[in-house]
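Below is one structure, written out as structure tokens; the observations come after it.
The values are calculated or read from the model by the stated rules, or taken from the named source; none is laboratory data. Treat the numbers as computed from the prediction; the structure is a model and nothing was measured. Reconstructed Cβ throughout: ideal geometry from the backbone, glycine too, with neighbour counts over all protein chains shown.
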Amino acid sequence: MPKIKEIERTPNPDAMRFVLGEALTNGVTKSYEDGSQAEGDELATALFNIEHVINVYYVDKYVTVTQDGDAVWSELLRKLAPPIREAKPQTDMVEDDEVHATKEVQESDDPRLVEINQMLDEQVRPYLLADGGGLKILGLEGNRLKVHYQGACGTCPTATSGTLYAIESMVKRVDPEIQVVSV
């Protein structure tokens with residue numbers, strides 16, 4: 001039973017990140033945008049059963065919950081804490097093969113995609129995780145790189161402006177013609 005060590009605000013005013021005393025997963029990332037995606041995941045299902053929860057994202061010792069903006073955090077936090085404290089570590093959990101990139105992207109022989117994904121792993125995803133979220137590459141169509149923000153980043157106002165601009169600047173080092181689009 002993990003102990004909640006801290007509850008941290010994220011850059012997204014509608015998301016909070018719980019820092020646990022022990023890891024829930026061994027590096028496996030879970031990202032859900034609604035309750036139907038969370039089927040079979042006890043923690044995520046319990047959190048989605050709480051009114052106003054619209055997103056659950058967790059990895060290692062971090063759980064990020066995003067609300068719809070209609071709840072008062074002080075009240076919602078009291079409801080979120082028990083299922084998080086009661087969650088059992090899932091050390092045998094298997095990573096969703098497509099949590100950071102679609103199969104199409106992973107199997108692509110486009111050297112730009114390989115370089116971009118590696119760059120995101122090293123220079124972007126660790127910082128997004130620190131803010132309670134992540135980033136998934138959906139594909140590269142011509143010169144349009146489609147990405148999808150996860151966790152707290154999914155509804156964060158700065159994700160679609162500042163962060164997206166910074167990612168696009170980095171990607172332009174790989175190919176100056178690429179535009180990055182958040183979907």
- Message: Could you check the range 86-141 and list, in sequence order, the residues that are over 16 Å from the mean Cα position of the chain (by Cα), charged (D, E, K, R) and loosely packed, with under 14 Cβ neighbours inside 10 Å?
- Response: GLU86, LYS88, ASP92, LYS103, GLU104, GLU107, ASP109, ASP110, GLU141
- Within the range 68-90, considering residues that are part of a helix (DSSP H, G or I) and of a type in the set (Gly, Ala, Ser), the one farthest from THR45 (Cα to Cα): SER74
- Task: Would you check if there is a residue in the range 13-25 being among the aromatic types (Phe, Trp, Tyr) and either touching a strand residue (DSSP E or B) at 6+ places or on another chain (Cβ under 6 Å) or assigned to a strand (DSSP E or B) (or both)?
- Result: yes
- With respect to THR64, determine if the residue is outside any strand (DSSP E or B), of a type in the set (S, T, N, Q) and surrounded by 16 or more Cβ atoms within 10 Å (Cβ to Cβ). no
- Message: Can you confirm whether GLY40 is in a loop (DSSP other than H, G, I, E, B), without any contact (Cβ under 8 Å) to a residue 40 or more places away in the chain and of a type outside the set (D, E, K, R)?
- Response: yes
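So that you can scan it fast, the table gives a plain yes or no per residue for (1) of a type in the set (A, V, I, L, M, F, W, C); (2) in contact with a Pro (Cβ under 7 Å, 6 or more places away or on another chain); (3) part of a loop (DSSP other than H, G, I, E, B); (4) touching a residue at least 60 places away in the same chain (Cβ under 8 Å):
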residue: LEU129; (1), (2), (3), (4): yes, no, no, yes
residue: GLY139; (1), (2), (3), (4): no, no, no, no
residue: LYS146; (1), (2), (3), (4): no, no, no, no
residue: CYS153; (1), (2), (3), (4): yes, no, no, yes
residue: GLY162; (1), (2), (3), (4): no, no, no, no
residue: SER169; (1), (2), (3), (4): no, no, no, no
residue: PRO176; (1), (2), (3), (4): no, no, yes, no
- Among the listed residues ASN49, ASN55, which satisfies the condition of being modelled with pLDDT of 95 or more, touching a Gly at 6+ places or on another chain (Cβ under 9 Å), of a type in the set (S, T, N, Q) and closer than 19 Å to HIS148 by Cβ? ASN55
